[in-house]
Amino acid sequence: MPNTLPLALRAYQLGSALGTPIASRLLIRRQKRGKEHPERLRERLGQASVARPKGPLVWVHGASVGEMLAAISLIERLRAQDFAVLVTSGTVTSAALAEQRLPNGVLHQFVPLDAPRFVRSFLDHWRPGLALFVESDLWPNLICSCAKRKIPMIIINGRLSERSFRRWRRVPGAIAALLNQFDLCLAQSATDAERYSKLGAPRVSATGNLKLDVPALPADEAVLRRLRDIIGKRPVMVAASTHAGEETAVIGAHRRLRAKFPALLTIIVPDIGVYIADTLGELGLMYRLARIVFMGGSLASHGGQNPIEAIRLGAAIIHGPHVWNFAEVYAALDAARGAQPVGDEAALAERLGAWLADPAARQAATDAATATIKKLGGALDRTWAALDPYLIQLRLEERS
């Protein structure tokens, strides 16, 4: 890091250091609200709960569930090459996902609170040889401390929404100083790459969206058979990750169609923290049962949810207008008629009814979506090619 940090970063470092004495109370308060794991609070203070494995260690950090899922295939490839891998995240739901989805031998820890003392303890124990930050969860003290220790840092699957871009531009010196510490910035799209470059990131390239290369969600085959036996030939629609107000629209659409399609079964998977924690393993089941999926967070103004997992399991996709979290993916799907946008309850019912009445049209949309996702893929190989020189160097340093 430069000798003189921007004022905003120096103020942040001072404030986070002064707040260290109250960290434990803050964590206990968050734990009571279900936002911290009661048995793993010490990890948030930088105190590891497991030993560091021998050999070169790659550290992968993502904020929560979505970022961890995006990196799964990359993590599997790192393990296949015998690298020790540490994954960190900051949410209880992501820790539950880690238990279910991370490959054998991969360690999960909660990321430490971003205070100098906790970050120092974390890095002293783990001593990563390479740090990969998924998307845009950038903590100033973590980044500055890694830079001082000369740990190579790379942003992978980098994404910056227009809202985040505008927010960072309010402190241009601070974000430029942080991004300048990264060796590479591998962005999801040309738009993301442009935003990172404008904020000061060096060596930016668009390698694609890793979520397009994630394997299909798993499912318990015995449970799936039982559910299919129970449901029989009833048509199934899943409303996934719905937000406040969307359940009303989905139920309203179901009622509009009930007379014409009395056997229709609508399954709602709401985006509520406790429920998600209980159903992380169930989306794979739901998507296999449904031929049509409405992606939540898109009628409500939440930016939409990832449609890729549902498409991989053969579902036709309906979504609302608010899909900026996956803007390029939805634009490509809509252009190929692999997904259908709707604006309200009536339009949702109309589209759902049309596909229920015309299975061939629904299958054509499914096929178009599958082809589009396949065409957009390849981010994993491009990301691996960019990381390869750093991984080779990590091997050489371990042998020297």
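The values are calculated or read from the model by the stated rules, or taken from the named source; none is laboratory data. Note that the coordinates shown come from a computational prediction; the quantities given were computed from them, not determined experimentally. Ideal geometry is used to build each Cβ from the backbone, glycine not excepted, and the neighbour counts take in all protein chains shown. Remember, those area values only see protein heavy atoms, side chains included, never the ligands or the DNA or RNA. Shrake-Rupley method; radii C 1.70, N 1.55, O 1.52, S 1.80 Å.
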Q: At 0.36 nm per residue, minus the direct Cα-Cα distance, what do A357 and Q100 gain on full extension? Give it in nm, one decimal, please.
A: 88.8 nm
Q: Specify which labelled value, from (i) 21.5, 70; (ii) 22.3, 73; (iii) 20.3, 61, agrees with Rg and Dmax of the Cα atoms in Å derived from the coordinates of the model shown.
A: (ii)
**Q.** Test item: Cα-centred dipole of the stretch 1-53, Lys/Arg +1 and Asp/Glu -1 on Cβ, debye
**A.** 240 debye
Q.
Charges on Cβ only, +1 for Lys and Arg, -1 for Asp and Glu, centred on the Cα centroid of the chain; of A354, I22, A63, which one is farthest towards the dipole's positive end?
A. I22
(Q) With the cut-off at 25 Å, tell me which of the pairs K54/K148; K150/K211; K54/K150 have Cα atoms farther apart than that. (A) K150/K211
Q. Of N104, N325, N209, which is the most mobile in a GNM of the chain whose springs link Cα atoms less than 10 angstrom apart?
A. N104
Q) When the chain is fully extended, how far beyond the present Cα-Cα distance does D82 get from A222, taking 0.36 nm per residue of separation? A) 47.1 nm
Q. From the backbone phi of the stretch 131-145, what are the Karplus-calculated ³J(HN,Hα) couplings (6.51 cos²θ - 1.76 cosθ + 1.60, θ = phi - 60°) in whole Hz, Gly and Pro given as x?
A. 10, 10, 9, 8, 6, 8, 8, 10, 9, x, 5, 4, 5, 4, 5
Q | Cα centre as origin, Lys/Arg/Asp/Glu Cβ charges: the chain dipole, Debye | A | 720 debye
Q | Apportionment of accessible area to carbon and sulfur, the chain, percent (1.4 Å) | A | 53 percent
Q: With springs connecting C-alpha atoms under 10 Å apart, model the chain as a Gaussian network and identify which of G296, G252, G90 has the largest mean-square fluctuation.
A: G252
Q) What distance in nm separates the simple spin-label points at K233 and E328, each placed 7 Å from Cα in the Cβ direction? A) 4.5 nm
Q. For L18 and R120, FRET efficiency with R0 = 25 Å and r from the beta-carbon atoms, rounded to 0.05?
A. 0.95
Q | Size of electric dipole in the stretch 234-391: Cβ of Lys, Arg +1 and of Asp, Glu -1, about Cα centre, debye, nearest 20 | A | 600 debye
Q: Could you state the accessible area per residue of the chain in Å², with a 1.4 Å probe and every protein chain left in place?
A: 46 Å²
Q: Mind giving me the nanometre distance, one decimal, between the label points for R10 and K35, set 7 Å out from Cα along Cα→Cβ?
A: 3.0 nm
Q. Rounded to the nearest 500, what is the chain's calculated 222 nm mean residue ellipticity when only DSSP H runs of at least 4 contribute -39500 (n - 2.57) each, over all residues?
A. -15000 deg cm²/dmol
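Among E162, E350, what's the order by accessible area (1.4 angstrom probe), most exposed first?
Of E162, E350, the descending order of accessible area is E350, E162.
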Q: For the chain, set up a Gaussian network in which alpha carbons nearer than 10 Å are linked by springs, and say which option among G245, G297, G208 fluctuates the most.
A: G245
Q: With a point put 7 Å past each Cα toward its Cβ, work out how far E397 is from R166 in nm, to one decimal.
A: 4.0 nm
(Q) Spelling out what I want: for every residue of the stretch 27-41, take phi, set θ = phi - 60°, compute 6.51 cos²θ - 1.76 cosθ + 1.60 (Karplus), and round to whole Hz; glycine and proline get x. (A) 5, 5, 4, 5, 4, 5, 8, x, 9, 9, 7, x, 9, 10, 4
